[in-house]
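Q: Take this structure, written in structure tokens, and hold onto it; I'll ask about it next.
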Amino acid sequence: MPGSSIILATASYDHTIKFWDPPSGSCYRSIDCGEFHINRLEITSDKHYIAAAGNPQTKLFEVNSTNNNPVTSFDGHKGNVSSVGFQKEGKWMYTSSEDGTVKIWDLKAPGCQRDYECSAPVNCVVLHPNQAELISGDQNGSIRVWDLISNTCSRELVPDGEVGITSLSISSDGSMVVASNTKGKCFVWRLGEDDTSRFDPLHKIDAHNAPILRCLFSPDTKLLATTSADHTVKIWNTKKFNVVQTLQGHQRWVWDCAFSNDSAYLVTGSSDQLAKLWDLHQGDSVKTYSGHVKAVNAVALNDLPR
């Protein structure tokens, strides 16, 4: 399927990255990463590269290639790299790590360009759609806004004491940010239009009775997905923040998820060694991707039109 317009990839504790043909469920490429443990996957918007955040490097692989060796390895973190993402044009990459830092990397230059020190292991970092702020969440319960223009921390929030932040998501229009934690709660804020470091509390959700592992706004901003250690995925509307669907089918922890560009489908990865594709109109799993021999802890989907 090289050259296809839909790129679906999964990573697993079995140290492989697999690429799937979404309609048939067949795996057409598998990258053996040796002893490299992968935590997150992210595909560039142009679909040329996929980043695998691991311990302690982030490795960049070509998507449409038979070369299974990384084209670049970004070294500089001293601990597990917990998340990774790209600037919208793919000029630079950002990462967070359990070493307590958030870093920015130029894809065409060696070394780390910027380094932001947090006071605790960082579990997640996301980029504001304005491309000028990063928001990080750490294991001590703090959320920080990093202003990339002034190169400073412009805001710090602690929504639930020292309860660790597990995931963050910003809506595509930049109007909302959501944070999840290890107690199964989500906190949603409205972001200021002029002062984007202003967080106005919008909603608190007691979403799951177990840790939330991933929270994610849909591209159209109408839905919020939460994946949990309780084996379920919940879909919430973003008007009233009530549950519209509970996706059941995984047998163990659900680690990660990714929406399709039209917000109609969701891909999930679980400790049951499976990834699933869900039709959110029906609330059913319409395809299962089987081939990993350990937990599927990271998924990535890019079905943007070329």
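Q: Restricting to the range 57-75, and then to whatever is open to solvent by 20 Å² or more (accessible area, probe 1.4 Å) and in contact with a Lys or Arg (Cβ under 6 Å, 6 or more places away or on another chain), can you tell me which residue is farthest from GLY111 (Cα to Cα)? Show your work before the answer.
A: So the first thing to find is which residues in the range 57-75 are open to solvent by 20 Å² or more (accessible area, probe 1.4 Å), and the list is 57, 59, 62, 64-73, 75.
Right, trim to in contact with a Lys or Arg (Cβ under 6 Å, 6 or more places away or on another chain) and you get 70, 73.
Values: PRO70: 16, SER73: 10 Å.
The selected residue is PRO70.
Q: May I pose another question? Which one is most open to solvent (accessible area, probe 1.4 Å), of the residues in the range 2-55 that are assigned to a loop (DSSP other than H, G, I, E, B) and among the polar types (S, T, N, Q)?
A: Here the residue is ASN55.
Q: Taking PRO110 as the residue in question, decide whether it is free of Cβ contacts under 8 Å to residues at least 12 places away in the same chain and surrounded by fewer than 21 Cβ atoms within 10 Å (Cβ to Cβ).
A: yes
Q: Restricting to the range 221-249, what's the tally of residues that are buried (at least 24 other Cβ atoms within 10 Å of the Cβ) and within 16 Å of VAL299 (Cβ to Cβ)?
A: 5
Q: Test ALA120 against the criterion of being part of a loop (DSSP other than H, G, I, E, B) and free of Cβ contacts under 8 Å to residues at least 12 places away in the same chain, and give yes or no.
A: Numbers: part of a loop (DSSP other than H, G, I, E, B): yes; free of Cβ contacts under 8 Å to residues at least 12 places away in the same chain: no.
Spelling it out, it is not the case that ALA120 is part of a loop (DSSP other than H, G, I, E, B) and free of Cβ contacts under 8 Å to residues at least 12 places away in the same chain.
Q: Quick one: SER142 ticks every box in (1) closer than 22 Å to PHE86 by Cα; (2) buried (at least 16 other Cβ atoms within 10 Å of the Cβ); (3) of a type in the set (Gly, Ala, Ser) bar one, so which box is it?
A: (1)
Q: Filter the range 76-93 for residues that are of a type in the set (Gly, Ala, Ser) and under 16 Å from the mean Cα position of the chain (by Cα); which is surrounded by the fewest Cβ atoms within 10 Å (Cβ to Cβ)? Even if it seems obvious, please write down each step before you answer.
A: The initial filter retains those residues of the range 76-93 that are of a type in the set (Gly, Ala, Ser), namely 76, 79, 82-83, 85, 90.
With under 16 Å from the mean Cα position of the chain (by Cα) added as a condition, the list becomes 82-83, 85.
Working: SER82: 27, SER83: 23, GLY85: 19.
The extreme case among them is GLY85.
Q: Among the residues of the range 87-115, which ones are out of contact with any strand residue (DSSP E or B) (no Cβ under 8 Å at 6 or more places or on another chain) and hydrophobic (A, V, I, L, M, F, W, C)?
A: Once the filter is applied, which keeps residues that are out of contact with any strand residue (DSSP E or B) (no Cβ under 8 Å at 6 or more places or on another chain) and hydrophobic (A, V, I, L, M, F, W, C), the range 87-115 yields only ALA109.
Q: Count, please, the residues in the range 273-290 that happen to be open to solvent by 30 Å² or more (accessible area, probe 1.4 Å) and closer than 13 Å to ALA11 by Cα.
A: Result for the range 273-290: 3.
Q: State all residues of the range 249-284 that are outside any strand (DSSP E or B), within 22 Å of ILE43 (Cα to Cα) and acidic (Asp, Glu); if no residue qualifies, say none.
A: Within the range 249-284, ASP262 is the sole residue that qualifies.
Q: In the range 181-197, how many are in contact (Cβ under 8 Å) with a residue 40 or more places away in the chain and farther than 18 Å from LYS239 by Cα?
A: 4
Q: A follow-up question, please. Note down all Cβ pairs under 8 Å where the first residue falls in the range 204-227 and is of a type in the set (Phe, Trp, Tyr), the second is assigned to a strand (DSSP E or B) and open to solvent by 30 Å² or more (accessible area, probe 1.4 Å), and they're at least six residues apart or on different chains.
A: If the second residue must be assigned to a strand (DSSP E or B) and open to solvent by 30 Å² or more (accessible area, probe 1.4 Å), the pairs left are PHE217/LEU223.
Q: I'd like to verify a number: residues in the range 160-175 that are open to solvent by 30 Å² or more (accessible area, probe 1.4 Å) and either aromatic (Phe, Trp, Tyr) or out of contact with any Lys or Arg (no Cβ under 8 Å at 6 or more places or on another chain) (or both), how many?
A: Counting residues in the range 160-175 that are open to solvent by 30 Å² or more (accessible area, probe 1.4 Å) and either aromatic (Phe, Trp, Tyr) or out of contact with any Lys or Arg (no Cβ under 8 Å at 6 or more places or on another chain) (or both) gives 4.
Q: When the residues of the range 140-172 are narrowed to those that are in a loop (DSSP other than H, G, I, E, B), closer than 22 Å to GLY184 by Cβ and in contact (Cβ under 8 Å) with a residue 40 or more places away in the chain, which ends up nearest to the chain's Cα centre (by Cα)?
A: Residues of the range 140-172 in a loop (DSSP other than H, G, I, E, B): 140-142, 148-151, 158, 163-164, 171-172.
Cutting the leftovers down to closer than 22 Å to GLY184 by Cβ gives us 140-142, 158, 163-164, 171.
If we keep only those that are in contact (Cβ under 8 Å) with a residue 40 or more places away in the chain as well, we get 141, 164, 171.
Details: GLY141: 18, GLY164: 17, SER171: 13 Å.
Per the criteria, the residue is SER171.
Q: Any chance you could count how many residues in the range 116-134 are touching a strand residue (DSSP E or B) at 6+ places or on another chain (Cβ under 7 Å), farther than 18 Å from ILE170 by Cα and not aromatic (Phe, Trp, Tyr)?
A: Final tally of qualifying residues: 4.
Q: HIS203 passes all but one of (1) part of a strand (DSSP E or B); (2) more than 22 Å from LYS287 (Cβ to Cβ); (3) in contact with an Asp or Glu (Cβ under 9 Å, 6 or more places away or on another chain); which number fails?
A: Among (1) part of a strand (DSSP E or B); (2) more than 22 Å from LYS287 (Cβ to Cβ); (3) in contact with an Asp or Glu (Cβ under 9 Å, 6 or more places away or on another chain), the lone unmet condition for HIS203 is (3).
Q: Kindly evaluate SER73 against the criterion of being among the hydroxyl-bearing types (Ser, Thr, Tyr), in contact (Cβ under 8 Å) with a residue 24 or more places away in the chain, out of contact with any helix residue (DSSP H, G or I) (no Cβ under 9 Å at 6 or more places or on another chain) and closer than 28 Å to PRO129 by Cα.
A: Numbers: among the hydroxyl-bearing types (Ser, Thr, Tyr): yes; in contact (Cβ under 8 Å) with a residue 24 or more places away in the chain: no; out of contact with any helix residue (DSSP H, G or I) (no Cβ under 9 Å at 6 or more places or on another chain): yes; closer than 28 Å to PRO129 by Cα: yes.
Taking the combined requirement at face value, the residue does not satisfy it.
The values are calculated or read from the model by the stated rules, or taken from the named source; none is laboratory data. What you see is a predicted model; the values in this text were computed from it and never measured. Positions of Cβ are backbone-derived with ideal geometry, glycine not excepted, and every protein chain shown enters the neighbour counts. Remember, those area values only see protein heavy atoms, side chains included, never the ligands or the DNA or RNA. Shrake-Rupley method; radii C 1.70, N 1.55, O 1.52, S 1.80 Å.
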